[in-house]
Amino acid sequence: MSQDGPPPNVVAEHGLSAEEYDRILEIMGRAPNYLELGIFSVMWSEHCSYKSSKVWLKTLPTEAPWVIHGPGENAGVIDIGEGLAAIFKMESHNHPSFIEPYQGAATGVGGILRDVFTMGARPVANLNALRFGDPDHPKTRHLLAGVVAGIGGYGNCIGVPTVGGEVNFDPGYNGNILVNAMTLGIARQDRIFTSQASGIGNPVVYTGSKTGRDGIHGATMASAEFGGDGANGGAEEKRPTVQVGDPFTEKLLVEACLELMATDAIVAIQDMGAAGLTSSSFEMASKGGLGIEMDLDRVPCREDGMTPYEMMLSESQERMLMVLKPGCEDLARSVFEKWDLDFAIIGHLTDSGRMVLKMHGEVVGDLPIDPLAQAAPEYKRPYTPTPEVPVIAPGEVPEPADAGAALLQLLGCPDLCSRRWIWEQYDHMVMADTAGRPGGDAGIVRIHGTNRGLAVTTDCTPRYCQAAPHAGGMQAVAEAWRNLNAVGARPLAVTDNLNFGNPERPEVMGQFVGCVQGIGEACRALDFPVVSGNVSLYNETNGKAIPPTPAIGAVGLIENLDRTASIALTCEDEDLVLLGDTLGHLGASLYLREIAGRREGAPPTVDLKAERRNGDFVRGLIEAGRVSACHDLADGGLAVALAEMALAGGLGACLNPPEEPGLPPLHAWLFGEDQARYLISVPAAGPVLEAAKGAGVPAAKVGTSGGGALTLPGAAPISLDKLRSAHEEWLPAYMGDTQD
Amino acid sequence: MKAAVIVFPGSNCDRDVAVALAAAMARRNPNTAPVMVWHKDADFAAVDLIVLPGGFSYGDYLRCGAMAAKSPVMREVVRRAEKGVPVLGICNGFQILTEAGLLPGALIRNASLKFVCRDVTLRVETGQSLFTSRYEEGQTIRIPIAHHDGNYVAGGEDVARLEDRGQIAFRYCDAGGALTGAANPNGSAANIAGIFNEAKTVLGLMPHPERLADPALGGIDGRPLFDGLVEALS
């Protein structure tokens with residue numbers, strides 16, 4: 001091997017700092033060759049190493065009696081009873097999706113699916129949390145159309161239902177959209193697979209698609225910000241770093257892997273995701289404390305003449321690396337050949353602790369494994385806490401001229417309007433276990449062959465996080481917790497997808513620290529551990545960072561699917577009961593932004609004790625079969641929640657403030673975004689109010705169901721047809737112009 | 001009754017339809033269930049019903065259903081269908097049936113150009129068939145669709161011939177049973193959602209009756225199709 005070191009500009013092009021390069025020299029005891037430098041580059045990229053975030057991620061609560069595997073595996077694993085486990089994770093594909101929305105989003109779905117079935121789970125649900133720029137921005141329509149088509153194109157083909165998600169529009173995402181994809185799977189607890197290699201001499205096997213020249217340095221690309229369009233570093237120029245997905249091959253790969261996993265042939269298995277063959281092989285060897293010798297001549301390649309550098313850094317999709325038990329090669333080969341997938345024994349485990357790469361009989365790379373995988377740089381970057389913003393009192397926010405008109409305007413605004421145009425492009429019913437479809441508080445999938453279910457949701461309110469990261473982080477967790485309770489599920493655990501700007505800027509790092517601390521505090525208070533997650537930094541363009549967006553994905557368990565609740569108001573002449581305290585908080589609210597045209601103020605306070613008490617109470621009511629409909633209160637407050645319930649069930653309602661002292665002004669009562677609240681429809685308010693009193697839960701009767709219109713206090717009734725048009729029209733009309 | 005569900009690489013509703021069919025079979029005769037037939041297994045055992053499930057056989061590359069229609073197992077399915085063995089094709093299965101020539105016409109990209117997944121209302125056009133005997137003619141039922149290529153087209157005379165010979169099984173309609181343009185989710189000719197062959201032993205339909213055959217999923221309008229088949233073929 002050449003002993004000449006790479007020139008400094010090549011080191012810089014690999015995204016490595018001078019200090020990091022010095023460390024490489026120290027670890028290697030010599031200058032790395034080009035292949036080895038490439039391997040260091042991807043392994044130490046922010047995307048793969050979490051070097052800026054790790055120190056803070058360690059502060060999150062990750063344990064509970066029901067947690068089987070927390071962070072550190074491909075996905076989190078929790079006990080859901082009857083010998084089964086739920087396996088789930090959320091992951092970003094932000095940079096690729098901005099560069100090439102269809103393939104970026106599609107391969108984001110493919111990647112997160114692999115993380116879940118790598119562990120032995122059959123994927124049962126997909127979700128996605130999407131953030132786009134201003135609707136008026138020239139790229140937004142194209143990006144939205146491409147991302148939705150890409151998610152659908154992949155998920156529909158592979159046959160996993162997409163049951164939920166969320167979408168926001170904000171000018172802060174004009175230069176960096178966010179595509180966070182989540183997959184939930186179910187496995188038998190005695191059939192969970194990890195990436196920990198063991199057994200010196202055991203064969204290392206490659207399967208799935210062939211390796212091509214796509215996605216080389218995708219992980220490094222995802223660890224840098226974008227420059228201006230067309231300039232060096234512009235998003236357009238980075239298109240070759242985006243991978244191309246093939247959901248058909250992934251479908252074959254799922255079935256083949258699950259078929260082989262039903263036998264005892266597999267010792268360890270790891271998908272080739274970011275940094276492809278490099279990260280998967282290092283991960284497996286490092287976890288097992290072993291070495292690997294690989295013969296790159298045996299790697300199935302799409303074209304001749306690929307270099308070791310290209311093979312090791314390719315991010316071609318739909319590939320898996322496995323360590324097999326000795327003697328199981330023929331069995332494994334027959335399964336993969338049945339599914340028409342490539343299968344090649346490309347190496348074996350050694351006791352050297354080194355990755356030795358050979359080609360044409362020569363050693364082309366020789367690196368120590370642990371220093372690369374485990375001694376990656378770890379930074380405690382300087383940070384500036386986000387300055388506090390003033391709390392805005394309800395009286396400081398003007399009343400609307402007409403409450404009904406304000407409600408219609410809110411229901412039709414980009415952040416609140418119906419997402420039907422999106423989720424109708426996703427197959428949300430395939431697998432025939434979808435018991436709660438999109439459009440409610442949480443998606444519900446039945447555990448196949450039982451009458452139990454899993455509820456799943458994703459949540460984050462970026463405008464709250466921007467105003468006050470700590471409170472915003474808490475709120476994201478609290479809202480996810482509420483959405484699970486609102487369908488009658490017992491919240492079990494979360495996965496977090498932390499999207500931020502450039503961590504080398506102290507104010508961005510301050511947002512990150514604030515949000516993570518808020519998430520940690522809420523998860524601790526709610527016994528809601530973080531079992532998996534992903535960090536996406538450098539979401540900025542020309543020095544402008546996205547709003548801090550820590551998306552929370554959460555999973556809950558429903559013991560009896562006959563006892564769930566939906567948001568659909570369907571029972572005439574019932575009482576509407578509001579649970580939780582209503583103070584009329586309008587700071588950072590959608591009312592303030594959309595009706596008063598102001599973006600300011602502190603977000604609502606999150607009282608975690610109240611969240612827990614009120615959540616436990618409403619879940620108890622649902623489990624006891626006492627609730628006909630339930631909706632958590634969030635964006636747009638009480639009036640919007642009731643309108644959504646009325647539309648979902650096709651039944652009107654009449655809203656009346658209770659006669660009690662200390663009520664906020666009417667517009668704050670209607671549109672305030674106080675937390676820890678639920679609106680329920682029950683046959684009679686009396687016994688529920690009594691029970692609430694006993695549980696210490698604030699509760700009040702606020703109206704009745706019935707009729708074909710929604711009536712706000714002191715306003716003319718609004719017909720459901722009018723409400724529906726306001727809610728349903730904006731997105732299709734906006735997208736109708738596109739031919740994408 | 002014996003039934004087979006054919007599994008192509010890329011099929012993804014094979015389990016769903018097997019579950020719905022198994023439930024119908026078990027309602028009549030406990031401990032019976034369909035067998036799953038892998039696409040490479042062209043000499044599968046004799047059965048009373050063959051089901052081609054939904055999904056993306058061979059990735060729907062080239063054209064939906066085109067490659068599956070040329071697979072070895074399909075040569076056998078065509079042979080048996082020609083002898084009168086009933087065949088049910090749902091969604092991708094319907095596409096395969098048209099590609100294999102067992103049903104006339106073709107299914108092209110939805111008029112909206114987008115994939116669409118939602119419940120639609122269907123009007124049952126005849127109760128006189130193996131597949132629809134448990135429905136009444138003119139009855140409206142709610143069944144989900146989920147497809148990108150469900151826009152049924154056929155030559156002008158072909159559609160007229162289908163109508164004349166009573167080969168239209170289901171049509172998209174509004175809640176009142178009217179065949180409106182707004183109720184047509186994909187642009188299909190004459191609002192066609194499903195058709196029979198001339199002998200009414202082969203049915204292809206784009207909607208997924210197996211997805212609403214269980215109360216836990218929000219409806220059972222798809223169940224009579226399976227119950228009717230089991231009754232007729234047992």
All conditions in (1) within 14 Å of another protein chain (Cβ to nearest Cβ); (2) touching a residue at least 12 places away in the same chain (Cβ under 8 Å); (3) out of contact with any Lys or Arg (no Cβ under 8 Å at 6 or more places or on another chain); (4) open to solvent by less than 60 Å² (accessible area, probe 1.4 Å) are true of B:LEU52 except (1)
Just need a number here: residues in segment A:538-579 that are at positive phi, within 28 Å of the chain's Cα centre (by Cα) and not polar (S, T, N, Q). 2
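Let's see how each residue does on (1) closer than 21 Å to A:ALA478 by Cβ; (2) out of contact with any Lys or Arg (no Cβ under 7 Å at 6 or more places or on another chain):
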site: A:PRO503; (1), (2): no, no
site: A:PHE512; (1), (2): yes, yes
site: A:ALA522; (1), (2): yes, yes
site: A:LYS544; (1), (2): no, yes
Within segment A:516-535, of all residues that are farther than 13 Å from A:LYS89 by Cα and open to solvent by 10 Å² or more (accessible area, probe 1.4 Å), the one farthest from the chain's Cα centre (by Cα) is A:ALA525
Using the structure shown, decide if B:PRO185 is under 30 Å from A:GLY159 (Cβ atoms), assigned to a loop (DSSP other than H, G, I, E, B) and of a type outside the set (A, V, I, L, M, F, W, C). yes
Right, B:ARG142: over 29 Å from A:ARG420 (Cβ atoms) and basic (Lys, Arg) or not? no
Going through (1) crowded, with 16+ Cβ neighbours inside 10 Å; (2) touching an Asp or Glu at 6+ places or on another chain (Cβ under 9 Å); (3) at positive phi; (4) more than 14 Å from every other protein chain (Cβ to nearest Cβ) one by one, B:GLN167 fails only at (3)
One residue from A:ARG619, A:ARG613, A:ARG563 being part of a loop (DSSP other than H, G, I, E, B), among the basic types (Lys, Arg) and more than 27 Å from A:LEU408 (Cα to Cα): A:ARG563
Where residues in segment A:115-145 are acidic (Asp, Glu) and out of contact with any helix residue (DSSP H, G or I) (no Cβ under 6 Å at 6 or more places or on another chain), which of them is surrounded by the most Cβ atoms within 10 Å (Cβ to Cβ)? A:ASP115
Could you look through segment B:21-40, keep only residues that are within 11 Å of another protein chain (Cβ to nearest Cβ) and either touching a Gly at 6+ places or on another chain (Cβ under 7 Å) or assigned to a loop (DSSP other than H, G, I, E, B) (or both), and pick out the one that is most open to solvent (accessible area, probe 1.4 Å)? B:LYS40
Can you find a residue in segment A:690-704 that is in contact with a His (Cβ under 8 Å, 6 or more places away or on another chain), open to solvent by 50 Å² or more (accessible area, probe 1.4 Å) and touching a residue at least 12 places away in the same chain (Cβ under 8 Å)? no
What tally of residues in segment B:193-234 results from selecting those that are more than 12 Å from chain A (Cβ to nearest Cβ), within 18 Å of B:ARG171 (Cα to Cα) and either open to solvent by less than 20 Å² (accessible area, probe 1.4 Å) or aromatic (Phe, Trp, Tyr) (or both)? 10
Return the total of residues in segment A:187-199 being closer than 15 Å to A:GLY81 by Cα and open to solvent by less than 30 Å² (accessible area, probe 1.4 Å). 1
So which of A:ASP214, A:ASP134, A:ASP190 ends up being under 30 Å from A:TYR309 (Cβ atoms), more than 14 Å from chain B (Cβ to nearest Cβ) and either in a loop (DSSP other than H, G, I, E, B) or over 19 Å from the mean Cα position of the chain (by Cα) (or both)? A:ASP214
With the requirement that a residue be open to solvent by less than 40 Å² (accessible area, probe 1.4 Å) and either touching a Pro at 6+ places or on another chain (Cβ under 9 Å) or not hydroxyl-bearing (Ser, Thr, Tyr) (or both), what does segment B:139-154 give you? B:ILE141, B:ILE143, B:PRO144, B:ILE145, B:ALA146, B:HIS147, B:ASP149, B:GLY150, B:ASN151, B:ALA154
Looking at (1) open to solvent by less than 30 Å² (accessible area, probe 1.4 Å); (2) without any contact (Cβ under 8 Å) to a residue 40 or more places away in the chain; (3) away from every other protein chain (no Cβ under 14 Å), find the lone condition where B:ALA190 falls short. (1)
Expected single match for charged (D, E, K, R) and surrounded by fewer than 24 Cβ atoms within 10 Å (Cβ to Cβ) among A:ARG452, A:ARG482 is A:ARG452
Residue ID - farthest from the other protein chains (Cβ to nearest Cβ), chosen from residues in segment A:154-186 that are part of a strand (DSSP E or B) and surrounded by fewer than 24 Cβ atoms within 10 Å (Cβ to Cβ): A:ASN168
Run down A:ALA629, A:ALA610, A:ALA602 and say which single residue is touching a residue at least 24 places away in the same chain (Cβ under 8 Å), under 13 Å from A:LEU576 (Cα atoms) and open to solvent by less than 30 Å² (accessible area, probe 1.4 Å). A:ALA629
Tell me, which helices (runs of 4 or more DSSP H) lie completely within segment A:1-103 with 3 or more residues that are open to solvent by 30 Å² or more (accessible area, probe 1.4 Å)? A:8-13, A:18-28, A:54-57
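Yes/no matrix, rows are residues, columns are (1) among the small types (Gly, Ala, Ser); (2) more than 22 Å from A:ILE177 (Cβ to Cβ); (3) within 14 Å of chain B (Cβ to nearest Cβ); (4) in contact with a Cys (Cβ under 8 Å, 6 or more places away or on another chain):
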| site | (1), (2), (3), (4) |
| --- | --- |
| A:GLU424 | no, no, yes, yes |
| A:ASP427 | no, yes, yes, yes |
| A:ASP433 | no, yes, yes, no |
| A:GLY443 | yes, yes, yes, no |
| A:ASN499 | no, no, no, no |
| A:GLY510 | yes, yes, no, no |
| A:VAL513 | no, yes, no, no |
| A:GLN517 | no, yes, no, no |
Starting from residues that are open to solvent by less than 30 Å² (accessible area, probe 1.4 Å) and part of a strand (DSSP E or B), keep the ones in segment A:365-397 and report whichever is farthest from A:TYR34 (Cα to Cα). A:PRO368
Six or more apart or on different chains, Cβ under 8 Å: which pairs go from a residue in segment A:713-740 that's polar (S, T, N, Q) to one that's at pLDDT 95 or above? Could you list them? A:SER719/A:GLY708; A:SER719/A:ALA709; A:THR738/A:ARG141; A:THR738/A:HIS142; A:THR738/A:ALA145
How many residues of segment B:103-119 are more than 14 Å from chain A (Cβ to nearest Cβ) and either touching a Leu at 6+ places or on another chain (Cβ under 6 Å) or surrounded by fewer than 22 Cβ atoms within 10 Å (Cβ to Cβ) (or both)? The answer is 5
What's the total number of residues in segment B:1-19 that are among the aliphatic types (A, V, I, L, M), within 12 Å of chain A (Cβ to nearest Cβ) and crowded, with 24+ Cβ neighbours inside 10 Å? 1
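The values are calculated or read from the model by the stated rules, or taken from the named source; none is laboratory data. What you see is a predicted model; the values in this text were computed from it and never measured. Note that we place each Cβ from the backbone using ideal geometry, even for glycine, and neighbour counts take in every protein chain shown. Quick note on the areas: whole protein, heavy atoms, side chains included, nothing else; ligands and nucleic acids left out. Shrake-Rupley method; radii C 1.70, N 1.55, O 1.52, S 1.80 Å.
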